[in-house]
Amino acid sequence: MLIRHARPHHVTDPTRVADPDLTPEGERQAQDLADFLTAAPHGVVTSLFASTMQRAVQTATPLEKALGLPFDTDPRIVEVDSGWTSYGVGLDTYPSRRAAWDDMNRGRLGDNVFDPNEFSARVVAGLEDMIARDSGNDSIAAVVCHGGVISAYLAHILKIPRMFFVDTAYTSITRINADADGYREVISVNEATHVRP
């Protein structure tokens, strides 16, 4: 299962890379997620992975404690904004959500640019390695990552020619069935019933 991180602070500081911590609301969301997955609604999680970005690590930490599973980090599943000097402030500069998503699907958010093909290739390689490490008939991996990472992997599985962005909720769960023979199936996208308003 792919899990978007909990809510982080918005950050703009041109003098350093933005890698924000979770807000108090985000900390509550991360704990709600841990409580939810401890009840094993989709089966018992057998391995735990996270992006190296703070918002993902801090979301995975309550899961690690609740599930009794150490998590491994992987820089290949960091967000497109890795290395940028702002987080969470780009979408509101657009005249509409549609304009923002159109720009992101072309590899731009405000003044920041990225290569969607390179990003997708990196993400798919990282996630496929995690699947290979957690292979087994009853294994369930939980991967705490980012909205763009989830979007890139969905586009890959659905064989969409170019990446597209899906607006996933904080700590939402997207479930993928990954068979040992390479078959991948989308089970659900953006499950968020465990997230309190």
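The values are calculated or read from the model by the stated rules, or taken from the named source; none is laboratory data. The shown structure was predicted, so the numbers you read here are calculated from the model rather than taken from an experiment. Glycine also receives a Cβ, built like all others from the backbone with ideal geometry; neighbour counts cover every protein chain displayed. For accessibility, only protein heavy atoms count, side chains too; no ligands or nucleic acids. Shrake-Rupley method; radii C 1.70, N 1.55, O 1.52, S 1.80 Å.
First compute the accessible area of the chain with a 1.4 Å probe, then give the percent of it belonging to carbon and sulfur atoms. All intermediate terms of the calculation are to be shown ahead of the outcome.
Working: 4920 of 9680 Å².
The computed percentage sits at 51.
Only helical DSSP H runs with n ≥ 4 go in: add -39500 (n - 2.57) per run for the chain, normalise by residue count and round the 222 nm mean residue ellipticity to 500 deg cm²/dmol.
Values: 5 runs with 67 residues, N = 197.
Here the helix-only value at 222 nm equals -11000 deg cm²/dmol.
Excluding ligands, DNA and RNA, what is the solvent-accessible area per residue of the chain at a probe of 1.4 Å, expressed in Å²?
On the way: 9680 Å² over 197 residues.
Averaged over the residues of the chain, the accessible area is 49 Å².
How much length is gained if the chain between Asp32 and Val44 is pulled fully straight, taking 0.36 nm per residue apart and subtracting their Cα-Cα distance, in nm to one decimal?
On the way: separation 12, 0.36 × 12 = 4.32 nm, distance 1.66 nm.
2.7 nm is the gain from fully extending Asp32 to Val44.
Take the alpha-carbon centre of the range 144-161, take the same for the range 96-115, and report the distance between them in whole Å.
Value for the Cα centre distance between the two parts: 16 Å.
With both partners inside the chain, how many of the DSSP beta bridges are antiparallel, as a percent to the nearest 5? Could the numbers behind the result be given before it?
Working: 12 of 23 bridges.
The antiparallel fraction comes to roughly 50 percent.
Run the quick spin-label model on Glu128 and Tyr94: label points 7 Å from Cα toward the beta carbon, then report their separation in nm to one decimal.
In this crude spin-label approximation the distance works out to 2.9 nm.
Please check the chain for the longest run free of trypsin sites (Lys or Arg not before Pro) that are loop-located per DSSP (anything but H, G, I, E, B) and have at most 15 other Cβ atoms within 10 Å. Working shown, then result.
Working: sites that count: Arg16, Arg106, Lys159, Arg162.
Excluding the exposed sites themselves, the longest stretch runs over 17-105.
Report the paramagnetic label zone for Arg196: residues of the range 6-32 whose backbone N is under 17 Å from a point 7 Å from Cα along the Cα-to-Cβ axis.
6-7, 23-32
Grab the beta carbon distance between Arg162 and Ser139, set R0 = 30 Å, and tell me the FRET efficiency rounded to 0.05.
FRET efficiency, Arg162 to Ser139: 0.45.
For the chain, how big is the tail of P(r) above 29 Å, as a whole percent of Cα pairs? Write out the running numbers ahead of the final one.
Working: 3557 of 19306 pairs.
Roughly 18 percent, once rounded to a whole number.
In the full protein assembly as shown, how much of His9 is accessible to a 1.4 Å probe, in Å² to the nearest 10?
In the full protein context, His9 sits at about 80 Å².
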